[in-house]
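Report on one structure; see the data block that follows.
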Amino acid sequence: MLVLFETPAGFALFKVLDEGKLSKVEDLWKDFSSTDSARKVVKLKAFSKFENTSEALSAATLLIDSKPSKGLRKFLKAHCDGETLAVADSKLGNAIKEKLQIDCVHNNAVMELMRGVRSQLTELISGLASQDLAPMSLGLSHSLSRYKLKFSPDKVDTMIVQAISLLDDLDKELNTYAMRVREWYGWHFPELAKIVQDNILYAKAVKLMGDRTNAAKLDFSEILPEEVEAALKEASMISMGTEVSDLDLENIKDLCTQVLSFSEYRAQLYDYLKSRMNTIAPNLTALVGELVGARLIAHGGSLMNLAKQPGSTVQILGAEKALFRALKTKHATPKYGLIYHASLIGQAAPKHKGKISRSLAAKTALAIRYDALADSQDNTMGLENRAKLEARLRVLEGKELSKSAGSAKGKPKIEVYDKDRKKGGLITPAKVYNPSADSVMGHTENEEKKMSIDDQTEEAAGEESPVTEGEKKKKKKKKSAETEDGAEPEDTGKKEKKKKKKQADNEVEDVELEQSKKKKRKHADVDEDESETTEKKKEKKKKKKKAEE
């Protein structure tokens, strides 16, 4: 049996001298405790040295993928005729067996044998010192890791992560600087903040104008529209701002130049990010845009990590705090995260945003996987999916979604509207009020028929001959008797209610009469008192006159 052992310097083939010791795996380590005992177990048969680092790197990369290199195949063909080969990787043994028809062995005894050979490697291979082996392994590991990172520079998504992070930082700094310019120059010309709303135009106007007294002489046509320029010049003449020294104005102008340089660099960075996104993730860019796509990649860490996520995770990516808060408090989970800022969700009505975000997340997950794993660099898939989502949005906003929409049956059939037809059947005519359905309390159907017949006979008799008063009284007595015999207990209840109502009405009338009598009595008493007082006054006057006389 031969043992294939890989070293940083090359491939080594060891001949197993005593195969019987492999049956005792637990005691095998004792045979490699010293160099003399190790040489009794295995012996170096052949060694294939790497010519340079590039050959060592290519052989190592192929071994990682469980594939034999060209030099290894030649080496094994030359030294493994009719021998079984012990290998450390079972997949590599299968590949050698398929290509070279060499029987390979891989088990626990072989792995224990490999450990023993590795411990006594420098003693078993003459000319390979431990001082030389350590730098060889270090250099090979460095070059191997460097080779793993070296793939197509067009697919490097770390640049996108850095660019979108810098863009967000620039936006924050730009806003703070612009607000500082407005506050600082507002002491000198406070009316300008309301006239010029845009921060960049404000900085340009301040840099050009300087002192507000110069506004009337300057031309702002390149910066501002005519209406805004006229309002600026009028406000500068009657401004309430304080006077500012030339040194302060110079510092304000320097800050304005910083704001303008930041805005120019931000525009350049956005163009760079747009080009990188169209190169690395064209389908993702077609669906959600450059900024949202770049933020998704930055949040996921890389395009490959994002491709491993399902559509449901892509939908709420960026809203993790809200998701876990909702799960903790048992409330509704969020419907969207970073994907909310996509233009398709912005176009949807509030009630349709959840549906569109779910559909968009599913299509976005497919587009990310296509961009990460496919070889083609076109955005046809993203454009097709965007068109489908826009059509679905129009359907949701225009009319209710039919049963066959979105399924494999195809487009729904549009039927001609017919006012007399509804869901396959004719519409029944509207119901008319039926007075015959009214129920009369206390009368049965037979009694109603009798009453109607009696009325008809009475009318006929009235037309033919006049009825006397005695006959009328007799008929009334008969009717009352019939009703008393066939009346239900409901009639008695009604009569009692009527009696109670009449009694209550009579009591109310009596109370009102008593109150009116009391009022009349009071008025009469008041009149009597007034008459008495007038008589007393007259008597007093008469007595005074008599006394004077």
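Yes or no, residue by residue, for (1) within 15 Å of Glu250 (Cβ to Cβ); (2) out of contact with any strand residue (DSSP E or B) (no Cβ under 6 Å at 6 or more places or on another chain); (3) surrounded by 14 or more Cβ atoms within 10 Å (Cβ to Cβ); (4) aliphatic (A, V, I, L, M):
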| site | (1), (2), (3), (4) |
| --- | --- |
| Lys172 | no, yes, no, no |
| Met179 | no, yes, no, yes |
| Trp184 | yes, yes, yes, no |
| Gln197 | no, yes, no, no |
| Val206 | yes, yes, yes, yes |
| Met209 | yes, yes, yes, yes |
| Arg212 | no, yes, yes, no |
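Among the conditions (1) surrounded by 17 or more Cβ atoms within 10 Å (Cβ to Cβ); (2) without any contact (Cβ under 8 Å) to a residue 60 or more places away in the chain; (3) more than 24 Å from the chain's Cα centre (by Cα), Asp246 misses just one, which is (1).
If you scan the range 217-236, which residues turn out to be of a type in the set (Gly, Ala, Ser) and open to solvent by less than 60 Å² (accessible area, probe 1.4 Å)? Please lay out each step first, then the result.
Of the range 217-236, the ones of a type in the set (Gly, Ala, Ser) are 221, 230-231, 235-236.
If the condition is that a residue be of a type in the set (Gly, Ala, Ser) and open to solvent by less than 60 Å² (accessible area, probe 1.4 Å), then Ala230, Ala231, Ala235, Ser236 are the ones that fit.
Scanning the range 306-318 for residues that are within 21 Å of Lys355 (Cβ to Cβ) and among the small types (Gly, Ala, Ser), we see that the one that is surrounded by the fewest Cβ atoms within 10 Å (Cβ to Cβ) is Ser312.
Whether a residue is over 17 Å from Gly116 (Cα atoms), assigned to a helix (DSSP H, G or I) and of a type in the set (Lys, Arg) was assessed, and Lys21 does not pass this test.
From the list Leu291, Leu303, the one residue that fits, being touching a helix residue (DSSP H, G or I) at 6+ places or on another chain (Cβ under 6 Å) and buried (at least 19 other Cβ atoms within 10 Å of the Cβ), is Leu303. Residues in the range 106-138 that are touching a residue at least 12 places away in the same chain (Cβ under 8 Å), of a type outside the set (D, E, K, R) and closer than 20 Å to Ser90 by Cβ: His106, Asn108, Ala109, Val110, Met111, Leu113, Met114, Gly116, Val117.
Out of the residues in the range 101-119 meeting the condition of being more than 17 Å from Lys21 (Cα to Cα) and crowded, with 16+ Cβ neighbours inside 10 Å, tell me which one is nearest to the chain's Cα centre (by Cα).
Residues of the range 101-119 that are more than 17 Å from Lys21 (Cα to Cα), as a first pass: 101-104, 118-119.
When the remaining residues are screened for being crowded, with 16+ Cβ neighbours inside 10 Å, the result is 102, 104.
Numbers: Ile102: 58, Cys104: 55 Å.
By that ranking, first place goes to Cys104.
Looking across Thr176, Thr122, one residue alone is among the polar types (S, T, N, Q) and closer than 30 Å to Asp18 by Cβ. It is Thr122.
Residue-by-condition table, conditions (1) touching a Ser or Thr at 6+ places or on another chain (Cβ under 8 Å); (2) under 30 Å from Lys217 (Cα atoms); (3) not acidic (Asp, Glu):
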| position | (1), (2), (3) |
| --- | --- |
| Leu247 | no, yes, yes |
| Asn251 | no, yes, yes |
| Leu260 | no, yes, yes |
| Glu264 | no, yes, no |
| Leu291 | no, no, yes |
| Ala298 | yes, no, yes |
| Asn305 | no, no, yes |
| Leu327 | yes, no, yes |
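Give just the number: which of (1) modelled with pLDDT under 85; (2) within 12 Å of Leu2 (Cα to Cα) does Phe32 not satisfy? The number of the failed condition is (2).
The residues of the range 25-44 that are of a type in the set (A, V, I, L, M) and not in a strand (DSSP E or B), listed by number, are Val25, Leu28, Ala38, Val41.
Residue by residue through the range 140-180, note down the ones that are of a type in the set (A, V, I, L, M) and either at pLDDT 95 or above or under 30 Å from Lys204 (Cβ atoms) (or both).
First pass over the range 140-180, keeping only residues of a type in the set (A, V, I, L, M): 140, 144, 149, 156, 159-161, 163-164, 166-167, 170, 174, 178-179.
Matches in the range 140-180: Ala163, Ile164, Leu166, Leu167, Leu170, Leu174, Ala178, Met179.
When you look at Lys253, is it open to solvent by 80 Å² or more (accessible area, probe 1.4 Å) and under 29 Å from Asp168 (Cβ atoms), yes or no? No; evaluated as a whole, the condition is false for this residue. Within the range 317-361, restricting attention to residues that are in contact (Cβ under 8 Å) with a residue 40 or more places away in the chain and of a type in the set (Val, Ile, Thr), the residue that is farthest from Gly398 (Cα to Cα) is Ile339.
All of Lys321, Lys409, Lys355, Lys388 fail the test of being open to solvent by 80 Å² or more (accessible area, probe 1.4 Å), modelled with pLDDT under 90 and among the charged types (D, E, K, R), apart from Lys409.
The values are calculated or read from the model by the stated rules, or taken from the named source; none is laboratory data. This structure is a prediction, so every number in the text was calculated from the model and none was measured. With ideal geometry, Cβ positions are generated from the backbone for all residues, glycine too; neighbour counts draw on all protein chains shown. Only protein heavy atoms, including side chains, enter the accessible area calculation; ligands, DNA and RNA are left aside. Shrake-Rupley method; radii C 1.70, N 1.55, O 1.52, S 1.80 Å.
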